[in-house]
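First up is the structure itself, then whatever we jot down about it.
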């Protein structure tokens, strides 16, 4: 089959590789659509932390935002899976440690991550996964939305942690894919939503996603000024190293600071401010616990993510797409998706 393989920093190409075979408890899915994200780009460029920590190594098969259809199954898998349209949890825990037993497999220290850490990804014609990781996807859901369930799960978790509600006001720092999805989920929860966006195209995308107000980073108001207590929650989704500390200063006393962006270097937060204002800081890793809620929101049309997709390309165009998005987001739609059958 065809798959996109990265053999070194910025050295990726479509290759012919062996067809995957389903082992016990596994299924092979034909990939319908797969999204490219910042993690994929960092792995492609060689900048990803896991590479430098020895948790992953070239060659790599990328892709963890996907939707497809089960084509074959291995021993011990029921016939009901054959032909089913699915997506999957990209976090695969060891299954026997205390974290996995408590349902926190996504932070298992021995976990595998599809397309990131020890497991071949979905930038290929077919993908093999344990059926325990698969989630059924309704036929009526678009391919674009199906491949946005994984990032949607991340965004849903961030908004859930922010306790977004009609009585709250949420600031989202960053207007990439995750930030824009956070806007959509927070608006669906009834919150007033404001966004920090540096680029004009990102600001316009945030407005289309439903943001009530857009700020430049240097314009964001601090809590406690001009008789204003601050935001009930601030979600940091930019990955800028300076952003978490700045976000903390805009949270109202007793509010929430949700951190989902991952910076390339250490960030500084004045913990005295957190303590004296009773602010809850929450880190979010992965969409595992949010996949089904995100899918439900897409299915009910409370959240419609399709407008975030700028183009659909072939496997042969992936390297070109990675080069194009570096520092140059598509106007108004940050997500590039791949159809491996093109």
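The values are calculated or read from the model by the stated rules, or taken from the named source; none is laboratory data. No experiment lies behind these values; they were computed from the predicted model shown. Reconstructed Cβ throughout: ideal geometry from the backbone, glycine too, with neighbour counts over all protein chains shown.
Worth a mention:
This table checks each residue for (1) over 21 Å from the mean Cα position of the chain (by Cα); (2) in a loop (DSSP other than H, G, I, E, B); (3) modelled with pLDDT under 95.
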position: 223; (1), (2), (3): yes, yes, yes
position: 228; (1), (2), (3): yes, yes, yes
position: 235; (1), (2), (3): no, no, no
position: 244; (1), (2), (3): no, no, no
position: 247; (1), (2), (3): no, no, no
position: 253; (1), (2), (3): yes, no, no
position: 263; (1), (2), (3): no, yes, yes
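- Any hit, the stretch 281-298, residues being modelled with pLDDT of 95 or more and over 20 Å from the mean Cα position of the chain (by Cα): no
- Qualifying residue in the stretch 3-26 (condition: assigned to a strand (DSSP E or B), in contact with a helix residue (DSSP H, G or I) (Cβ under 9 Å, 6 or more places away or on another chain), in the same structural domain as residue 126 (by TED's automatic domain parsing) and under 19 Å from residue 149 (Cα atoms)): no
For every residue, the table says whether it meets (1) part of a helix (DSSP H, G or I); (2) assigned by TED's automatic domain parsing to the domain that holds residue 238; (3) under 28 Å from residue 242 (Cβ atoms).
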position: 122; (1), (2), (3): no, no, no
position: 140; (1), (2), (3): no, no, no
position: 163; (1), (2), (3): no, yes, yes
position: 175; (1), (2), (3): no, yes, yes
position: 180; (1), (2), (3): yes, yes, yes
position: 187; (1), (2), (3): yes, yes, yes
position: 193; (1), (2), (3): no, yes, yes
position: 205; (1), (2), (3): yes, yes, yes
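- Among (1) assigned to a helix (DSSP H, G or I); (2) within 18 Å of the chain's Cα centre (by Cα); (3) more than 25 Å from residue 201 (Cβ to Cβ) - the single one residue 274 does not satisfy: (2)
So that you can scan it fast, the table gives a plain yes or no per residue for (1) at pLDDT 95 or above; (2) closer than 17 Å to residue 128 by Cβ; (3) not in a strand (DSSP E or B):
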residue	(1), (2), (3)
30	yes, yes, no
34	yes, yes, no
39	no, no, yes
56	no, no, yes
63	yes, yes, yes
80	yes, no, yes
86	yes, yes, no
100	yes, no, yes
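- Filtering the stretch 207-221 to residues that are surrounded by 15 or more Cβ atoms within 10 Å (Cβ to Cβ) and assigned to a loop (DSSP other than H, G, I, E, B) leaves 210, 211, 212, 220, 221.
- Taking the numbered list (1) modelled with pLDDT of 95 or more; (2) surrounded by fewer than 14 Cβ atoms within 10 Å (Cβ to Cβ); (3) closer than 19 Å to residue 323 by Cβ in turn, residue 9 passes all entries but (1).
- In the stretch 112-129, the condition of being farther than 23 Å from residue 6 by Cβ and either surrounded by fewer than 22 Cβ atoms within 10 Å (Cβ to Cβ) or touching a helix residue (DSSP H, G or I) at 6+ places or on another chain (Cβ under 7 Å) (or both) is met by no residue.
- Residue list for the stretch 127-138, restricted to those being over 19 Å from the mean Cα position of the chain (by Cα) and part of a loop (DSSP other than H, G, I, E, B): 138
- Of residues in the stretch 305-323 being within 23 Å of residue 202 (Cβ to Cβ) and surrounded by fewer than 15 Cβ atoms within 10 Å (Cβ to Cβ), the one modelled with the highest pLDDT: 306
- Unique match (being more than 30 Å from residue 138 (Cα to Cα), surrounded by fewer than 18 Cβ atoms within 10 Å (Cβ to Cβ) and in contact with a helix residue (DSSP H, G or I) (Cβ under 6 Å, 6 or more places away or on another chain)) among 268, 274: 268
- Checked against the criterion of being in a loop (DSSP other than H, G, I, E, B), under 17 Å from the mean Cα position of the chain (by Cα) and on the phi > 0 side of the Ramachandran plot, the stretch 145-155 has no qualifying residue.
- Residues in the stretch 282-293 that are in contact with a strand residue (DSSP E or B) (Cβ under 7 Å, 6 or more places away or on another chain) and crowded, with 18+ Cβ neighbours inside 10 Å were compared, and the one that is nearest to residue 223 (Cα to Cα) is 284.
- Top-ranked residue of the stretch 83-112 - restricted to ones that are free of Cβ contacts under 8 Å to residues at least 60 places away in the same chain and under 17 Å from the mean Cα position of the chain (by Cα), ranked as farthest from residue 157 (Cα to Cα): 112
- Residue that is nearest to residue 334 (Cα to Cα), among those in the stretch 185-206 that are in contact with a helix residue (DSSP H, G or I) (Cβ under 7 Å, 6 or more places away or on another chain) and surrounded by fewer than 24 Cβ atoms within 10 Å (Cβ to Cβ): 198
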